[in-house]
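Data first, discussion second: the structure below is written as structure tokens.
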Amino acid sequence: MHQISLRTICVTAAVVALGSCDQLSALGLGPPPAASAPPSTTPISEAVADLRPYAGNLYSDFIAGEGDHYGLDQAGLSAAEQARFSRAMAVQSAGALMDGGGAEALVFSGCAENGCDEGFAVFAVDTTSGQVFVGVRDGAGAEVLSPNDRIEALLRLNSPARAWDKPAPMQTASTETPNP
């Protein structure tokens, strides 16, 4: 009787030792191996083209060329929203790269014909995802026409007023010669 107990203890100890080393499956004592997940049928999204070379361009030039897939139609704006955007961005500023908070965007902005107090518009493209943000401020108020929380946070971070529709004043080069 004593010999059976000793044998049982030795077998039990061996099973526990093998189990901790994932060897039970090799002996056919453990659970069957899990089946692998089927390969994904979701296509990998296209990589976003490098947008950095377009800094310095006007939005109208950008969408007339390589950025044609970033037009207002593709952003999902209605005809009325497109007209409102165009009026508020009649006088365009050169596009600029902005970064902060872990995000980077190519930002195009402009003002209405009678100045930024009458209308302001911004169109920004996330350089990582290619997603856009479109906003307009005019007599009808400030409205985000194509929301993107990440880009909106970036625009707020880069604004002295912490508002996407109140950008930092454009820096201009001084034409004066410094005194030595």
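The values are calculated or read from the model by the stated rules, or taken from the named source; none is laboratory data. Worth saying up front: this structure is predicted, and the values here are computed from it rather than measured. Glycine gets a Cβ as well: all are built from the backbone with ideal geometry, and neighbour counts include every protein chain shown. The accessibility values were calculated without ligands, DNA or RNA, using every heavy atom of the protein model including side chains. Shrake-Rupley method; radii C 1.70, N 1.55, O 1.52, S 1.80 Å.
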For Glu104, residues with placed amide H under 5 Å, excluding near neighbours: Thr127, Thr128
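For segment 47-90, give the percent of accessible area contributed by carbon and sulfur heavy atoms, probe 1.4 Å, rounded to a whole number.
Numbers: 1220 of 2440 Å².
That share works out to 50 percent.
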Charge tally in the Cβ shell below 14 Å around Pro167, where Lys, Arg are +1 and Asp, Glu are -1, Pro167 excluded: +1
